[in-house]
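What follows draws every value from the coordinates through simple rules; no lab data is involved. As the structure is a prediction and not an experimental result, all values here were calculated from the model. Backbone-built Cβ (ideal geometry, glycine too); neighbour counts: all protein chains shown.
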Amino acid sequence: MAQLCVNIDHVATIRNARGGSEPDPLHAAAICELAGAVGITYHLREDRRHIRDEDAYAFRRIVNGLLNMEMACTDEMVKIALKVKPDQVTLVPEKRAELTTEGGLDVVANADSVEKATRKLTKAGIAVSHFIDASRDQVAAARATGATHVEFHTGIYADHFDRERTLAIREAARIEEMCLYGHDLGLVINAGHGLNYRNVALIARLPYMNELNIGHALVGRAVMVGLDRAVRDMVALCATGSLPVDRPGSF
Ligand code: PXP
């Protein structure tokens, strides 16, 4: 089963809605770690719509567990990552107008720039993960361009889970096959996007699944029940496939 990394971006989204300093993503990160998250993930986007540069540096000072920086494969972002020094960088595709990351990074088509960024970051002691669709070509390209980790995009699985379960199951089977292939190539296997309290268990129990990056559903649940409980419930689902025994039937 898998460990939970909380994607903290949406705490910053709420903060930025009123231009002030609350809720503070740093406080949220500390609560997530105390509640059992193995790490904190943030996405420093080109348009700085949620996380800002100063947040990135501040996380480095206060996060004790894994600090995972999602970023586009650009010279600007590589420069910042080399200064911030997160434990891990996850290279993601980025389009200015998108609501959230759409699809995986096309490592096959962008092999030269992805390899250049990956090698630079690796040389600085930062682990590099590629956020990709679960396809054999992309997994092989991630390995060939120097990634030590891959994060499989679970968006299609998540989108279909409540509407067309057979399609979701088929997508999970495709991801499972790529978990086995990636592991055979020596890659550490992570996954994320669109995972929530209903659909996470099936992905958490895929073979060699190491870490799940979960943001929107978790921050949404925190609005209802508090961040501590939202994280504890998701940690339990990732680790065991069920909610904690003292909270059966949590919505
Ligand atoms: N992993 C990656 C690479 C992402 O870009 C995102 C969204 O920022 C997530 C995981 C988390 O997705 P969600 O907010 O849907 O849980």
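Each of M69, M1, M224, M178 was scored by other Cβ atoms within 10 Å of its Cβ. Listed from fewest to most, they are M224, M1, M178, M69. Counting neighbouring Cβ atoms within 10 Å and putting the fewest first, the residues S129, S242, S113 line up as S242, S113, S129. Can you tell me the FRET efficiency between Y57 and T13 if r is taken as the Cβ-Cβ distance and R0 is 25 Å, rounded to the nearest 0.05? Computed FRET efficiency for Y57 and T13 comes out at 0.85. Local charge for N213 was computed over the other residues whose Cβ lies under 12 Å away, with Lys and Arg +1 and Asp and Glu -1, and equals -4. Over the range 1-152, Cα pairs under 8 Å with separation of 6+ residues give a relative contact order of 17 percent. The charge dipole of the range 78-188, taken about its Cα centre with unit charges on the Cβ atoms of Lys, Arg (+1), Asp and Glu (-1) only, comes to about 640 debye. Between the amide H of F131 and those of L91, L105, E151, distances stay under 5 Å, these residues lying 5 or more places away or on another chain, with hydrogens modeled in the peptide plane.
In this entry, the range 155-225 is assigned a mean projected area of 4.7 nm², taken as a quarter of its C-alpha convex hull surface. When Rg and the Kirkwood radius Rh are both evaluated on Cα atoms of the range 1-50, their ratio Rg/Rh stands at 1.02. Over the range 69-163, Cα pairs under 8 Å with separation of 6+ residues give a relative contact order of 27 percent. Using only side-chain charges placed at the Cβ, +1 for Lys and Arg and -1 for Asp and Glu, the dipole size of the range 108-251 relative to its Cα centre rounds to 240 debye.
Evaluated with a Cβ-only charge set (Lys, Arg +1; Asp, Glu -1), the chain carries a dipole of roughly 360 debye about its Cα centre, given to the nearest 20. Per residue of the chain, the DSSP helices (runs of n ≥ 4 H) give a summed -39500 (n - 2.57) that works out to -14000 deg cm²/dmol at 222 nm. Quick check: from the Cα gyration tensor, does the chain come out rounded (a/c under 1.5), prolate or oblate? Oblate is the answer for the chain, as a/c is 1.5 or above yet b/c matches or exceeds a/b. Treating each Cα of the range 72-129 as one equal point scatterer and applying the Debye formula with no solvent, the log10 of I(q)/I(0) at q = 0.16, 0.18, 0.26 Å⁻¹ comes out as -0.48, -0.61, -1.12.
With the charge dipole of the chain set up from +1 on Lys and Arg Cβ and -1 on Asp and Glu Cβ about the Cα centre, the Cα lying farthest toward the positive end among the listed residues A204, C179, S135 is that of A204. When the Cα convex hull of the range 1-121 is projected onto planes of every orientation, the mean area is 8.2 nm².
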